[in-house]
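Bear in mind these aren't lab numbers, they're just calculated from the coordinates by the rules spelled out. The shown structure was predicted, so the numbers you read here are calculated from the model rather than taken from an experiment. A quick note on method: Cβ atoms are made from the backbone with ideal geometry, for glycine too, and the neighbour counts reach across all protein chains shown.
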Amino acid sequence: MHYFKSKGFTMIELLVVVAIVGILSAVVTTLVTSSKNRSNDTKIKSQMASLKKTIEIYGSSNSNNYGTVLNSCTTPSTVFTDVISDTYKFTNTANYPAGTVLNCYSSGGTWAVSASLSSNYWCVDYNGKTQQKAIAITGPTCS
């Protein structure tokens, strides 16, 4: 009698390999997604820090009067769309990661802007506050 020696893999061996590859791909996908979220959040925080500086420039040129803006970062001829101080560059959602929501408020000598992060919001305001918030701002302060 002749016995044939198998030159391939058994079904069990193939299933084990497929399971291991599946587990590894799930772990890598999770790590990449988490890393991408952290990267996007860091970019948003950096953009908001730059926005804060440009609004301070605007304020020094306009007697710290920021006008009145209610939840619009795109209202023409306002602190948030000013070309001279470059605030418009930092209130344009096209300059942020996809899906970022900006909320802009100003009233007289006060202003605040919040931007959505991967799991909450980042806020900057006229008092120099830069903080994380659970919800978007509803007025010209981070408080």
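Points to keep in mind about this one:
- Complete set of residues in region 113-131 that are among the polar types (S, T, N, Q), surrounded by 14 or more Cβ atoms within 10 Å (Cβ to Cβ) and in contact with a Cys (Cβ under 8 Å, 6 or more places away or on another chain): SER114, THR130
- For region 54-66, the count of residues that are closer than 17 Å to GLY139 by Cα and crowded, with 17+ Cβ neighbours inside 10 Å is nonzero.
- Any hit, region 29-36, residues being assigned to a loop (DSSP other than H, G, I, E, B), loosely packed, with under 14 Cβ neighbours inside 10 Å and not β-branched (Val, Ile, Thr): no
- Residue satisfying condition, being out of contact with any His (no Cβ under 6 Å at 6 or more places or on another chain), closer than 27 Å to LYS133 by Cβ and small (Gly, Ala, Ser), within set SER77, SER61, SER50, SER25: SER50
- For region 53-66, taking the residues that are in contact (Cβ under 8 Å) with a residue 40 or more places away in the chain and part of a loop (DSSP other than H, G, I, E, B), the one that is nearest to LEU117 (Cα to Cα) is identified as TYR66.
- Members of region 69-112 that are assigned to a strand (DSSP E or B), buried (at least 21 other Cβ atoms within 10 Å of the Cβ) and under 13 Å from the mean Cα position of the chain (by Cα): LEU102
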